[in-house]
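The values are calculated or read from the model by the stated rules, or taken from the named source; none is laboratory data. Predicted model only: the values in this text are computed from it and were never measured. Cβ: placed from backbone, ideal geometry, glycine included. Neighbour counts: every protein chain shown. Protein only, heavy atoms only, side chains kept; ligands, DNA and RNA dropped before computing areas. Shrake-Rupley method; radii C 1.70, N 1.55, O 1.52, S 1.80 Å.
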Amino acid sequence: MNKTNATAPTIVLLDASVGETPAERNFRRELDADVRAYKVSEGEFPPRVDTGFGFDAVVVSGSQTSVYDDEPWIERTEAWVREAVDAGVPLLGVCWGHQLLAQAVGGEVDPMGGRGELGYETVRRTDEDDPLFDGIGPSFVAFETHTDEVTALPSAATPLAETDRALQGFRVENAWGVQFHPEYDRDTARWVTEHKRGWLTDETVDGVLATITPERHAETAQATRVFDTFLAFARRRRSRVE
């Protein structure tokens with residue numbers, strides 16, 4: 001349950017998922033903060049950053065769309081994220097949010113063809129010093145579900161993590177992107193995988209479902225630490241403003 005006391009940071013959640021999904025529930029569970037969610041895929045947006053709207057950090061969720069789709073709400077979300085980065089607001093993009101952040105700051109996102117990732121993967125850190133991964137080992141397990149990837153970053157960005165198939169994390173200024181899903185619980189992993197039927201063969205879907213066990217999910221505990229470290233940035237911003 002989110003804290004709502006005066007000391008808890010205020011997090012704006014840009015929920016880019018389409019339709020009824022577990023996205024908001026998952027982030028509310030993992031973020032020990034006052035979470036204010038906006039369903040950007042349905043045209044709900046927080047006030048512009050430059051209006052002085054009082055929040056401490058931003059999280060951008062995953063989505064069933066691609067960041068390069070020609071949708072007005074995607075273009076508007078990208079512009080909003082760019083303003084937040086320019087203003088120095090701590091921002092964490094997850095999966096689609098990771099890709100949108102990269103695109104917003106001048107990077108490139110492309111389809112992966114047949115190399116998409118679905119299921120538990122081992123993520124390797126490529127930068128030993130970034131504080132977002134404090135307390136996380138040189139490699140860790142996380143659930144993945146994506147068919148697009150960040151293929152190029154601007155020179156100002158620092159790559160932070162990877163798998164054999166895709167960039168998994170980067171930082172630019174006070175913003176971070178992670179391709180993996182630290183917010184997923186087992187129910188969400190199963191829900192997402194089931195929704196791949198028709199896109200993937202039943203054999204592939206059933207094979208991934210068989211891996212979503214309590215034991216395997218327990219291995220993702222390190223990945224969730226990114227929420228603790230990200231909230232530390234939000235609290236520092238809050239204390240400076242106060």
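Numbers below:
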{"quantity": "Residue in the stretch 51-72 that is among the small types (Gly, Ala, Ser), more than 25 Å from residue 151 (Cα to Cα) and free of Cβ contacts under 8 Å to residues at least 12 places away in the same chain present", "calculated": "yes"}
{"quantity": "Scan of the stretch 191-206 for residues that are in contact with a helix residue (DSSP H, G or I) (Cβ under 6 Å, 6 or more places away or on another chain) and open to solvent by 10 Å² or more (accessible area, probe 1.4 Å), ordered by number", "calculated": "196, 197"}
{"quantity": "Extreme residue, nearest to residue 67 (Cα to Cα), among residues of the stretch 129-141 that are open to solvent by 10 Å² or more (accessible area, probe 1.4 Å) and outside any loop (DSSP other than H, G, I, E, B)", "calculated": "141"}
{"quantity": "Some residue of the stretch 142-154 being modelled with pLDDT under 95, open to solvent by 20 Å² or more (accessible area, probe 1.4 Å), assigned to a loop (DSSP other than H, G, I, E, B) and farther than 22 Å from residue 61 by Cα", "calculated": "no"}
{"quantity": "Single unsatisfied condition, residue 33 versus (1) open to solvent by less than 10 Å² (accessible area, probe 1.4 Å); (2) within 23 Å of residue 157 (Cα to Cα)", "calculated": "(2)"}
{"quantity": "Which numbered condition residue 177 misses (of (1) among the small types (Gly, Ala, Ser); (2) within 21 Å of residue 91 (Cβ to Cβ); (3) open to solvent by 70 Å² or more (accessible area, probe 1.4 Å))", "calculated": "(3)"}
{"quantity": "Which listed residue, of 85, 141, 89, is of a type in the set (A, V, I, L, M), under 24 Å from residue 193 (Cβ atoms), touching a helix residue (DSSP H, G or I) at 6+ places or on another chain (Cβ under 9 Å) and in contact (Cβ under 8 Å) with a residue 40 or more places away in the chain", "calculated": "141"}
{"quantity": "Every residue from the stretch 72-128 that is over 16 Å from residue 40 (Cα atoms), β-branched (Val, Ile, Thr) and buried (at least 17 other Cβ atoms within 10 Å of the Cβ)", "calculated": "85, 89, 105, 109, 123"}
{"quantity": "Cβ-Cβ under 6 Å pairs, at least 6 apart or on other chains, the stretch 155-170 side outside any strand (DSSP E or B), far side open to solvent by 30 Å² or more (accessible area, probe 1.4 Å) and among the basic types (Lys, Arg)", "calculated": "165/115"}
{"quantity": "Subset tally (residues that are part of a helix (DSSP H, G or I) and either within 21 Å of residue 109 (Cβ to Cβ) or under 14 Å from the mean Cα position of the chain (by Cα) (or both)) for the stretch 171-213", "calculated": "1"}
{"quantity": "Single residue of the stretch 38-77 satisfying the filter (of a type in the set (S, T, N, Q) and modelled with pLDDT of 95 or more) that is nearest to residue 97 (Cα to Cα)", "calculated": "61"}
